[in-house]
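Here's the structure we're looking at; comments come further down.
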Amino acid sequence: MRFDIITVLPGLLESPFAHSILQRAQKKGLTEIHVHNLREYATNKQKSVDDYPDGGGSGMVMQIAPFAACIEQLQSERKYDEIIYMTPDGETLNQEMANGLSSSNKNIIILCGHYKGIDQRIRDIYVTKEISIGDYVLSGGELPAAILVDAIVRVIPGVLSDETSALSDSFQDGLLDAPIYTRPVDWNGHKVPDILLSGHEAKITAWRHEQQLQRTKERRPDLLND
Ligand code: SAH
């Protein structure tokens, strides 16, 4: 998989991809992540990429020309399966979407907005999918883009060393994850449940499933109704 992320603040995206699972996925050749500085595609002398909103009002709007130039440059180099705009009015990201986007070897462009957002015509002409990370507004699309890439990349086969660990995470089977413990067995009188120390695999599996159901019923009954 290849991601091309277009942003005015490339520095914001350096760290999220330079550690842990995302870094390993790139080193293993399972994904490529390229960050492009939108300002390099600005055509005016000041290298500005935003302007006042037509019709008035507060906040600046990101202009179409730099995005168009960057997207078209990328499209001339390879075919893209999706051009995604991170936006609070998009479809809310969930595990099913992340699984779907990671399921085949895709090339994806991600657009990060800033200020008031991006000129509607960029969305109309280029964007194939609009994704929100939740019902709140952030200052820019960089953190949402990093979240989307992380959610997609960690479910690419071979990225996590223990394959089954992604499959047993919350949401994969429509349930929240069960409580987890590690040594010491007794922490000031707070003990690990006996069943987990019993060595009885079938009983442990049944206990975990029961815990998953209970937790989901308490915290996210909506998941059980779907
Ligand atoms: N005026 C817009 C918000 C702009 S916030 C509105 O009311 O919908 C500036 C940028 O941050 C957006 O263009 C988008 O790229 C990003 N952003 C903010 N909140 C986001 C969210 N919940 N999900 C995805 N992207 C978000």
Next item on the list: Could you please find all residues in the stretch 89-114 being away from the ligand (no atom under 15 Å from the Cβ) and hydroxyl-bearing (S, T, Y)?
Entry: S102, S103, S104
Margin query: Return the pair list, or none, for Cβ contacts closer than 9 Å from residues in the stretch 176-199 that are without any contact (Cβ under 8 Å) to a residue 12 or more places away in the chain and of a type in the set (A, V, I, L, M, F, W, C) to residues that are in a loop (DSSP other than H, G, I, E, B) and open to solvent by less than 100 Å² (accessible area, probe 1.4 Å), at least 6 apart or on different chains.
Written below: V192/P184; V192/V185
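Just for the stretch 180-198: of the residues that are of a type in the set (A, V, I, L, M) and in a loop (DSSP other than H, G, I, E, B), which one is farthest from P221 (Cα to Cα)? Give the steps one after another, and end with the answer.
The first filter runs over the stretch 180-198 and keeps only residues of a type in the set (A, V, I, L, M), leaving 180, 185, 192, 195-197.
With in a loop (DSSP other than H, G, I, E, B) added as a condition, the list becomes 180, 185, 192.
Working: I180: 21, V185: 31, V192: 27 Å.
Once the filter is applied, the top-ranked residue is V185.
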Notebook entry, point to check: Which residue pairs have Cβ atoms closer than 7 Å, lie 6 or more positions apart in sequence or on different chains, and pair a first residue in the stretch 128-140 that is over 21 Å from G59 (Cα atoms) with a second residue that is in a loop (DSSP other than H, G, I, E, B)?
Noted result: I131/L93; I133/L93
Next item on the list: May I ask you to verify whether L74 is under 19 Å from T7 (Cβ atoms) and within 15 Å of the ligand (Cβ to nearest atom)?
Entry: no
Check: Among the candidates D124, D119, D135, which residue alone is closer than 30 Å to R39 by Cβ, modelled with pLDDT of 95 or more and open to solvent by 40 Å² or more (accessible area, probe 1.4 Å)?
Finding: D124
Notebook entry, point to check: In the stretch 6-35, what count of residues is obtained for those that are touching a residue at least 60 places away in the same chain (Cβ under 8 Å), assigned to a loop (DSSP other than H, G, I, E, B) and under 17 Å from N105 (Cβ atoms)?
Noted result: 3
Next item on the list: Give G117, G141 a once-over and let me know the one that is out of contact with any strand residue (DSSP E or B) (no Cβ under 6 Å at 6 or more places or on another chain) and within 11 Å of the ligand (Cβ to nearest atom).
Entry: G117
Item checked: Members of the stretch 13-31 that are open to solvent by 80 Å² or more (accessible area, probe 1.4 Å) and closer than 21 Å to F67 by Cα -> E14
Check: Across the stretch 41-81, which residue is surrounded by the most Cβ atoms within 10 Å (Cβ to Cβ) among those that are free of Cβ contacts under 8 Å to residues at least 12 places away in the same chain and under 30 Å from K106 (Cβ atoms)?
Finding: Q75
Next item on the list: Just name the residue that is nearest to the ligand (Cβ to nearest atom) out of those in the stretch 120-136 that are assigned to a loop (DSSP other than H, G, I, E, B) and closer than 25 Å to I64 by Cβ.
Entry: I133
Notebook entry, point to check: Considering only the stretch 157-179, how many residues are over 23 Å from T216 (Cβ atoms) and of a type in the set (S, T, Y)?
Noted result: 1
Checklist line | Residues of the stretch 138-179 classified as surrounded by fewer than 16 Cβ atoms within 10 Å (Cβ to Cβ) and more than 16 Å from the chain's Cα centre (by Cα), total | finding: 13
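The values are calculated or read from the model by the stated rules, or taken from the named source; none is laboratory data. The model shown is predicted, which means the values in this text are computed figures rather than measured ones. All Cβ positions, even for glycine, are placed from backbone atoms using ideal geometry, and neighbour counts span all protein chains on display. Side chains included, ligands, DNA and RNA excluded: accessible areas come from the protein's heavy atoms. Shrake-Rupley method; radii C 1.70, N 1.55, O 1.52, S 1.80 Å.
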